[in-house]
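Step one of this worksheet: look at the structure below.
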Amino acid sequence: METFTYSFHAAEVIFGPGAVTRLGKLSERAGWRRLLLCTTGRSRARGHLASIESALGERLVAVYEQVEPHVPSSRVAEATALAAEHDVDAVIGLGGGSAIGTAKAVSLALEEQRTGHPARAAFVTGQPLIPVIAIPTTYAGSEMTPVYGVTHPADKADGSARKITVSDPKVAPKLVIYDPLLTLDLPPRVTAGTGINAVAHCIEALYSITRNPLSTAAALAGLRAIAHALPCCYDDGSDVEARAEMLEGAFLAGTALSNVAMGLHHGLCHVLGGATGAAHGDANSVVLPYAMRFNLDATSPQLALAAEAMGLPTAGQRAEVAAEAAAEQVAEWVAHMCLPQRLREIGVAQEQLPALAELAFASRTVRNNPKPIADAAQIEALLRSAW
């Protein structure tokens, strides 16, 4: 008999084509009168910003369009200052994980400014002073999690920038709007990279050391949706049905990961992004098959379930064989979608590997890996095999 804990994060999820047009009425109902939008300049070019402006009208009092990948601390400070200047009572993240992560970081920073106290929740049911609204336009999954990462400047001692991950119930968005129409113009490369990120959420949720029945059910359902929809979205981005199914898969993947401990894969990707600037989708694409194989001997039963959810033939196979097939399937998706398969392809130098391994070994996330990691040498060996 397995024991588990599960914490629910109070949130409203609105899913469907055209759902973003409901933002104004939803904000009015919630009593949000002064909102800040965190996004990138590309959102304006793609017409997404106009949709938000139309829906909110005068309630949208400020727009911060300088969001950058990996959420640099300097950008968080700028967005927080803008939020304070306009006395906002809610923050919107429109875009991928960086936009939504910036909104989360601003929410906590602004609360600390206004109260003079640390904004961290004392209990898992803690509620924010400044709620976050998430409108994802990729499949990164940040909208369903109480987690974000901020990259801080290079340390004088070792010269490496560090991406610090924060986990707190208060930053779980209170309102999430999934509108498949906002993903129709998502470029193939971003579709692929964030799609593999969603796959990674399902995989790590399945074999997390804190997995629970809900996370397992959501992860398997997410994998089934993604396995069908991701290749379709990559091959034909205008397929609304495929886009909707893929967004549903990302929702399930984020839900699966929202209440479990992440492991080696995510820990490594955060280190790679913070220290080298590698795009998160690219890091996911390279690392995931290697992390799955590294964990195979400790997680074969769970990865065998993943293989079945991916639609692979598993009847009569040993769990280890099915688990290896799951890792191979991920590698095949990466190759089909022309994503990077080696660390050298995403700008990681061979001489960086020992330092990256040490950074990863110090990560709390990596320490939560289902297969115990005794020293940095194990991580360095994995990185060398992926280089």
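Overview of values
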{"read-out": "Between the stretch 270-322 and the stretch 326-350, the alpha-carbon center distance in angstrom", "value": "12 Å"}
{"read-out": "Apportionment of accessible area to carbon and sulfur, the stretch 236-283, percent (1.4 Å)", "value": "49 percent"}
{"read-out": "Percent of beta bridges antiparallel (DSSP, the chain, rounded to nearest 5)", "value": "25 percent"}
{"read-out": "For the stretch 177-182, Karplus couplings with θ = phi - 60° (6.51, -1.76, 1.60), whole Hz, Gly/Pro x", "value": "10, 9, 10, x, 5, 6"}
{"read-out": "Cβ-placed point charges (K, R +1; D, E -1), dipole of the stretch 40-81 about Cα centre in debye, nearest 20", "value": "140 debye"}
{"read-out": "Rounded to the nearest 10 Å², the accessible area of TRP333 at probe 1.4 Å", "value": "30 Å²"}
{"read-out": "Cβ-placed point charges (K, R +1; D, E -1), dipole of the stretch 149-250 about Cα centre in debye, nearest 20", "value": "520 debye"}
{"read-out": "Per residue convex hull volume, Cα atoms of the chain, in Å³", "value": "133 Å³"}
{"read-out": "Three-way shape call for the stretch 124-186 based on the alpha-carbon gyration tensor, with the a/c threshold at 1.5", "value": "oblate"}
{"read-out": "Helical contribution to [θ] at 222 nm, DSSP H n ≥ 4, -39,500 (n - 2.57), averaged over the chain, rounded to 500", "value": "-16500 deg cm²/dmol"}
{"read-out": "Amide proton proximity set for GLY93, modelled H, under 5 Å, gap of 5+", "value": "CYS38, ILE133, ALA134, ILE135"}
{"read-out": "Long-range Cα-Cα pairs in the stretch 77-220 (distance over 25 Å), rounded percent", "value": "35 percent"}
{"read-out": "Cα-centre dipole for the chain with unit charges at Cβ (Lys and Arg positive, Asp and Glu negative), debye to 20", "value": "620 debye"}
{"read-out": "Number of Lys pairs (Cα under 21 Å; 8 or more positions apart or on different chains) in the chain", "value": "4"}
{"read-out": "By accessible area with a 1.4 Å probe, ligands and nucleic acids excluded, highest first: order of GLU65, GLU351, GLU112", "value": "GLU351, GLU112, GLU65"}
{"read-out": "Leading residue at positive end of dipole, the chain (Cβ point charges), from GLY96, VAL190, SER285", "value": "GLY96"}
{"read-out": "Accessible area per residue in Å² at 1.4 Å probe, computed on the chain", "value": "40 Å²"}
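The values are calculated or read from the model by the stated rules, or taken from the named source; none is laboratory data. Just so we're clear, the structure is a prediction, and the values are computed from it rather than from any experiment. Note that each Cβ is placed from the backbone with ideal geometry, even for glycine, and that neighbours are counted across all protein chains shown. These area figures cover heavy atoms from the full protein model, side chains too; ligands, DNA and RNA do not enter into them. Shrake-Rupley method; radii C 1.70, N 1.55, O 1.52, S 1.80 Å.
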